[in-house]
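To start, the structure under review is shown below, and the notes come after it.
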Amino acid sequence: MKLKFIWITFFAFLCISVNAQVSSLSKKAQTQWFSIKNLYSLNRFEIVQPQLEKFVKSNPKFLPAKKNLAELYLKTNQDEKAAEFVNEVLQKGEIDNKNWYLLSAETNERLKKYPEAIQALKKFQEYPKLTLILSQKADAEIARLEFIYDMRQHPVDFEPISLPGEVNTAFDELYPVINPEGNKLFFTRKELNEDMYVAELNDSAWTNAVTLPFNTSGNEGAQTISADGKLILFTACNRRDGLGSCDIYYTVKANGTWTKVSGLGTPINTGDWESQPCIAFNGKVLIFSAIREGGYGAKDLYASYLNRENKWMEPQNLGAIINTKGNEETPFFHPDGRTLYFTSDGHPSIGGKDIFMSKLSDDGIWSTPINLGYPINTESDESGLFVAMDGQHAYFSSNREGGAGKLDIYYFKLPEKVKAGRANYVKAIVKDAVTKKPIQVEYNIYKLSNDSIFTYGQTDNDGSLLVTIPSDETFRMEVDKENYVFYSEQFAAQNGTIQKPYLLEVFLSPIEIGASTILKNVLFKTDSYELESESYPELQKVVEFLQKHPNLKASIIGHTDNVGSTVHNLELSKNRAQAVVDYLINKGIASNRLTVKGVGETRPIADNDSVEGRSQNRRTEFVIVE
């Protein structure tokens, strides 16, 4: 990477000094010099290089030619020659300007000789009459080089594995996205145009990638996929229906078919640039990169929230902790609900654009971004990081040596310091309890710890839903449909697996006498009939159901496991059922609509020999009796 201000300064001193020194040349040399300058201005470097080298030997005191030759070496990536030449000039003391030290810094940085580049910049600062602005810029460059040198001196563990030829080709492959099950890879490939592809993992081998059906003759890419695989958002630029230079588009999979592609419209898309969307773990948050008035830099990260009417709210800038005066792009918000990865050239970086990580605290504050480290980040640009559900393994694009082509997709394990939390997913299919056929229903999922809404939505026509969940939370799910008894469930992801359960098969009972549901989120203190506070949201759901159906009467039945005496368990089950009825009556439900029954340990639904079985047997049941 070039020093950020070297060329402006270099050209300035070059133009000032050249005219004053040309007159010192002979007329023949002047003619040669102007011919060389003309060829140089036309970028005829192969022709002009031997002429310029010969001219420098013949006119060793004509420094403008030496400066042009140093510049030519750098422009044509002859870094070793440039370093040798500049060092020779400095050693002979032939310099006429402090900016030769900038050339020395540039050549040493290219050769990754960072201490030497830093020393050259310090020599640059020692010159008298240096302006404050140039001194400050030199300080910034020294700090940047010291950061790079330190990162390279302390490399992180990194063993990237290039994906096979079914994915990587001689073209660019970038923006990898993996579905929650880990068996589908979506990515963008750039041949003549950018198109979106998908490959599947079968028996530990990737199938040949195929194009997605909604690609066009234009460019589509930088896609993001919802957890259930039914929503794809992507970037397309310069379309007739677009609002700005680049906009975010979407398509939905309904009954196995992708719908017509549409732009997200306002307030997401504007007359400016919006790109690189990331749909969050719960499907209700969209993070993307945009150029907007009032931002912190060129490209900033913004977040928008989906309301109950399925409308995206006005995007909010993620703030000065994340965004800089530079460019922040390619966001990825991990399903742990806390960890954000993105690229930036504004935070301290090794190359032009590095990958960073930030964590979201419980009070909604982002932590100071952490550079993922060398050699994940290099002097080149890195971007498009995707981290798997386990929080440990990642995919990204890189053009490093050893790949199949230009940008290739690599798989690797993250260093401990920048791992995300564990997450997993829960699948459910909802069926009619009588016909056993799938039914479409509304669902709400809440965090049990504070009863805040986590996500919500509607199952597909086949009754299925899939949501990703952080591993450090327990959740309750409510399922509703007109003319059916409500249903609730509780689940959590721990140690990378779904505990109770992984696959939910939900049976909804039509409203009729004998229909029942287990109140799985009604909890009691151990060996007590005192309700836990986590039970109140579920009991409120019972209240609302009874209010909505005023002609129904119900029986509340208490059950226990077999720990303790039969008499004790029978009494405990009655008292627990009564505690539920008392709560409902206190909330306005008429007492003549409710009956209490305790059956103790007599009706187990699981084996009492296991902790999990006993947990299922300790339950409160709601049954329609009239």
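The values are calculated or read from the model by the stated rules, or taken from the named source; none is laboratory data. Since this is a predicted model, take the numbers as computed values, not measurements. Cβ atoms come from the backbone with ideal geometry, glycine included; neighbour counts cover every protein chain shown.
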* Asked: Among the residues of region 268-277, is any surrounded by fewer than 17 Cβ atoms within 10 Å (Cβ to Cβ) and of a type in the set (Asp, Glu)?
  -> yes
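If I filter region 604-620 for residues that are of a type in the set (D, E, K, R), closer than 20 Å to residue 510 by Cα and buried (at least 16 other Cβ atoms within 10 Å of the Cβ), do I get at least one hit?
Taking every residue of region 604-620 in turn, none turns out to be of a type in the set (D, E, K, R), closer than 20 Å to residue 510 by Cα and buried (at least 16 other Cβ atoms within 10 Å of the Cβ).
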* Asked: Going by the conditions given, is residue 191 touching a residue at least 60 places away in the same chain (Cβ under 8 Å), among the charged types (D, E, K, R) and either surrounded by 18 or more Cβ atoms within 10 Å (Cβ to Cβ) or in the same structural domain as residue 409 (by TED's automatic domain parsing) (or both)?
  -> no
* Residue list for region 247-266, filter: of a type in the set (A, V, I, L, M, F, W, C) and either free of Cβ contacts under 8 Å to residues at least 24 places away in the same chain or under 24 Å from residue 314 (Cβ atoms) (or both) -> 248, 252, 261, 264
* Filter pass, residue 348 being touching a residue at least 60 places away in the same chain (Cβ under 8 Å), in contact with a helix residue (DSSP H, G or I) (Cβ under 6 Å, 6 or more places away or on another chain) and not acidic (Asp, Glu) -> yes
* region 351-374, residues that are surrounded by fewer than 24 Cβ atoms within 10 Å (Cβ to Cβ), in contact with a strand residue (DSSP E or B) (Cβ under 7 Å, 6 or more places away or on another chain) and free of Cβ contacts under 8 Å to residues at least 24 places away in the same chain -> 359, 360
* If you check residue 282 against the conditions, is it touching a residue at least 60 places away in the same chain (Cβ under 8 Å) and either assigned to a loop (DSSP other than H, G, I, E, B) or in contact with an Asp or Glu (Cβ under 8 Å, 6 or more places away or on another chain) (or both)? -> yes
* What do you reckon, is residue 560 buried (at least 19 other Cβ atoms within 10 Å of the Cβ), assigned by TED's automatic domain parsing to the domain that holds residue 523 and of a type in the set (S, T, N, Q)? -> yes
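Can you tell me which residues in region 558-594 are part of a helix (DSSP H, G or I) and of a type in the set (Gly, Ala, Ser)?
573, 577, 579, 591
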* Please specify each residue of region 125-134 satisfying the condition of being surrounded by fewer than 12 Cβ atoms within 10 Å (Cβ to Cβ) and assigned to a helix (DSSP H, G or I). => 126, 132, 133
* Asked: In region 595-614, what residues are of a type in the set (Lys, Arg) and either part of a loop (DSSP other than H, G, I, E, B) or within 20 Å of residue 551 (Cα to Cα) (or both)?
  -> 603
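So that you can scan it fast, the table gives a plain yes or no per residue for (1) surrounded by fewer than 17 Cβ atoms within 10 Å (Cβ to Cβ); (2) not in a loop (DSSP other than H, G, I, E, B):
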| site | (1), (2) |
| --- | --- |
| 201 | yes, yes |
| 236 | no, yes |
| 249 | no, yes |
| 265 | yes, no |
* Asked: So which residues in region 251-263 are in a strand (DSSP E or B) and in contact with a strand residue (DSSP E or B) (Cβ under 7 Å, 6 or more places away or on another chain)?
  -> 251, 252, 258, 262, 263
* Could you check, for region 162-185, whether at least one of its residues is assigned to a strand (DSSP E or B), of a type in the set (Gly, Ala, Ser) and either surrounded by 15 or more Cβ atoms within 10 Å (Cβ to Cβ) or outside the structural domain of residue 252 (by TED's automatic domain parsing) (or both)? => yes
* To do: Could you please tell me which pairs satisfy a Cβ distance under 9 Å, a separation of 6+ or placement on different chains, a first residue in region 106-124 that is in the same structural domain as residue 378 (by TED's automatic domain parsing) and over 17 Å from residue 74 (Cα atoms), and a second residue that is polar (S, T, N, Q) and not in a helix (DSSP H, G or I)?
  => none
* Asked: Going by the structure shown, is residue 408 crowded, with 22+ Cβ neighbours inside 10 Å, more than 30 Å from residue 505 (Cα to Cα), modelled with pLDDT of 90 or more and over 17 Å from the mean Cα position of the chain (by Cα)?
  -> yes
